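The values are calculated or read from the model by the stated rules, or taken from the named source; none is laboratory data. All values derive from a computational prediction rather than experimental measurement. Here the Cβ positions follow ideal geometry from the backbone for every residue, glycine too, while neighbour counts run over all protein chains shown. Ligands, DNA and RNA are stripped out before the accessible areas are found, and what is left, the full protein with its side chains, is counted by its heavy atoms. Shrake-Rupley method; radii C 1.70, N 1.55, O 1.52, S 1.80 Å.
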Amino acid sequence: MQHRTALTLEDLRLLLENPDPVKVSIYMPTHRRGPETQQDSIRFKNLLAQAKEELQSRGMRDVDSFLKPAADLQGDPTFWNFMDTGLALFRSESMFMALKLPLEFVDLAAINDRFHLKQVFPYFRGSGHFYMLALSDNDVRLYRCTRYGSEEIEVDGMPKSMSEALWHDETEKTHTEVGPGRNVRADRRMVFFYSGGADANFTENKKSRFLKEVDRRLHEFLRDKRAPLLLAGVEEVLPVYKAANTYPYLLDAIVTGNPDRVDPENLRKRAWEIVEPIFTRKVQENRDRFAQFLGTGLASDRLEAVATAAYYGRVDSLFVARGVRVWGRMDNDTQVMEIHGAYQPGDQDLLDYAAAWTLLKGGAVYALPPGEIPGGGQIAAVFRF
C-alpha cells in the first residue's frame, strides 16, 4: 500500500485483524517543511535500524527484504518534502502502510505479533468525529471529520449536483417528448429545455426536490449513526435543506460560503471551531453517565469486563489512559484474559485491544491523561446495554 494522508476505520480493521506473525509499528514526529525534514529522514533511519536489530535478534531471515518498502521511503527526498505532524508506518509480510497524519507521535519502533495502534486512536474519536455536508447547486460532498483531519465519503446513489438529481427525475417524465428510439441521455439538454421552461434558473421547488433526494440517500447512510452533522454552503441553500432533513443530529450552526471555492481542509477547520464545544460537553456528559451507571451493569472500570464488552459491540463510550500499557493476552473466541506484570512474547496491550474494538463497533474513545480517567483507574466504559 502506498503512503497516504488519511486513516480509515477499514484500515484500522485490517491492521487489527492482520494474521501475519511478525508486525513492525513505527511512529515519529515530523515537520511539514523546512530544513527539519532532513532530520526527520535521519530519525526515521535510526528507528529502522532499531527495528532491523530487533528482527535479527528474533532470528528473522532476510530482514533487509522485509524492511525494503520502508527503507525505500527513507531514501526518497520527495516523500520527506511533504509531511504532516507525524508519521505512522506498519509493516508485516502481507501489509505495508505509511501514513502522514496530523497527530503528534512519540518515537517508537515496536515489533510484536500485533500492531501497536494506540497512538493513532486520537485520529478517530479522541476528540470526537462529525460529518460535514458541503452543499452547492454544482457539487455535493460528505466528509467524515475529526479535529485532525477529514476523509470524503462516497454515499451510494447520492447525487453530485442539482442537475444530476433532476436529470434522473425528469427523464421518465419527458421520455415521450424525446420520442421512441432516441437516446434519452444524448438529448439531456433538450429534456431540460422542455422540463425547465423559459426560466434558466431552477425554481425553489426544484431545489427542494434536489435536497430531498440528497437527504434520502444520506438518511440511508446515517440511519444508525449518532455523530453530529454540520452543513457547509451558501446561506440560501441551507434553510431549504434543513426543511428536507430527517437526520436527528443535524446542528443548527452552519459553515457559510460557497464550498466549491474553499479548500476542504479550510472547511474542516472552520467546522471544528463550531463542534469542539459540543465534544467538550460530550466528554463531561459521559463522565457523569459513568458515575451514574457504575454498579448497575451499564458501566465498568474492570479491564476484563470492558474488553469483552468492546469486542461484542456493547461499549458506547470508553475512557482509556494515554501513554499506559497493560500487557497480556485476550482470546477472541473464549474472551479469557491474562494480565502480565511485564511484557511476555505473544502479549498485546490490552488497553489497545479494548480501544480498537470499541472504535470498530461504533463506540467513542477518549484517550486522556491517566489521572483524568473516571474512577481513577486506567480504563472506564459506559455500555450500550
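Some observations on this one:
- Scanning the range 237-294 for residues that are farther than 22 Å from His129 by Cβ and modelled with pLDDT of 95 or more yields Ala291, Gln292, Phe293, Leu294.
- Residue count for the range 128-187, restricted to those that are at pLDDT below 85, assigned to a loop (DSSP other than H, G, I, E, B) and not polar (S, T, N, Q): 11
- Within the range 37-54, residues that are of a type in the set (Lys, Arg) and assigned to a helix (DSSP H, G or I) have Cβ atoms under 9 Å from residues that are open to solvent by less than 20 Å² (accessible area, probe 1.4 Å) and at pLDDT below 95 in these pairs: Arg43/Thr30, counting only partners at least 6 apart in sequence or on another chain.
- Sub-6 Å Cβ pairs linking a first residue in the range 348-360 that is polar (S, T, N, Q) to a second residue that is open to solvent by less than 10 Å² (accessible area, probe 1.4 Å), at least 6 apart or interchain, are Thr358/Ala310; Thr358/Val315; Thr358/Leu318; Thr358/Val365, ordered by first then second residue.
- Hey, Ala309 aliphatic (A, V, I, L, M) and open to solvent by less than 30 Å² (accessible area, probe 1.4 Å) or not: yes
- Checked against (1) of a type in the set (D, E, K, R); (2) in contact (Cβ under 8 Å) with a residue 40 or more places away in the chain; (3) assigned to a loop (DSSP other than H, G, I, E, B), Lys100 passes all but a single condition, namely (3).
- Candidates Glu235, Glu213, Glu276, filtered to the one that is in a loop (DSSP other than H, G, I, E, B) and charged (D, E, K, R): Glu235
- The residues listed here are Thr30, Thr8; of these, the one that is in contact (Cβ under 8 Å) with a residue 40 or more places away in the chain, surrounded by fewer than 18 Cβ atoms within 10 Å (Cβ to Cβ) and among the hydroxyl-bearing types (Ser, Thr, Tyr) is Thr8.
- None of Glu236, Glu220 is open to solvent by 80 Å² or more (accessible area, probe 1.4 Å) and touching a residue at least 40 places away in the same chain (Cβ under 8 Å) except Glu220.
So that you can scan it fast, the table gives a plain yes or no per residue for (1) under 10 Å from Leu318 (Cβ atoms); (2) open to solvent by 10 Å² or more (accessible area, probe 1.4 Å):
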residue	(1), (2)
Thr334	no, yes
Met337	no, yes
Ala364	yes, yes
Gly375	no, yes
Val382	yes, no
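- Counting the residues of the range 112-159 that are surrounded by fewer than 20 Cβ atoms within 10 Å (Cβ to Cβ) and of a type in the set (A, V, I, L, M, F, W, C) gives 2.
- Residue match in the range 39-50 (condition: among the polar types (S, T, N, Q), open to solvent by 50 Å² or more (accessible area, probe 1.4 Å), at pLDDT below 95 and farther than 29 Å from Leu360 by Cα): yes
- Checking each residue in the range 254-269 for being crowded, with 16+ Cβ neighbours inside 10 Å and in a helix (DSSP H, G or I) picks out Pro259, Pro264, Leu267, Arg268.
- A residue that is touching a Phe, Trp or Tyr at 6+ places or on another chain (Cβ under 6 Å), under 20 Å from Val22 (Cα atoms) and either hydroxyl-bearing (Ser, Thr, Tyr) or without any contact (Cβ under 8 Å) to a residue 60 or more places away in the chain (or both) occurs somewhere in the range 330-341.
- Scanning the range 1-45 for residues being touching a Lys or Arg at 6+ places or on another chain (Cβ under 9 Å) and either charged (D, E, K, R) or farther than 29 Å from Ile153 by Cα (or both) gives a total of 5.
- Unmet criterion (only one of (1) open to solvent by less than 80 Å² (accessible area, probe 1.4 Å); (2) of a type in the set (Lys, Arg); (3) in contact with a Leu (Cβ under 8 Å, 6 or more places away or on another chain)) for Arg322: (1)
- Residue under evaluation Ala299, criteria (1) more than 27 Å from Glu104 (Cβ to Cβ); (2) surrounded by fewer than 19 Cβ atoms within 10 Å (Cβ to Cβ); (3) touching a residue at least 60 places away in the same chain (Cβ under 8 Å), criterion not met: (2)
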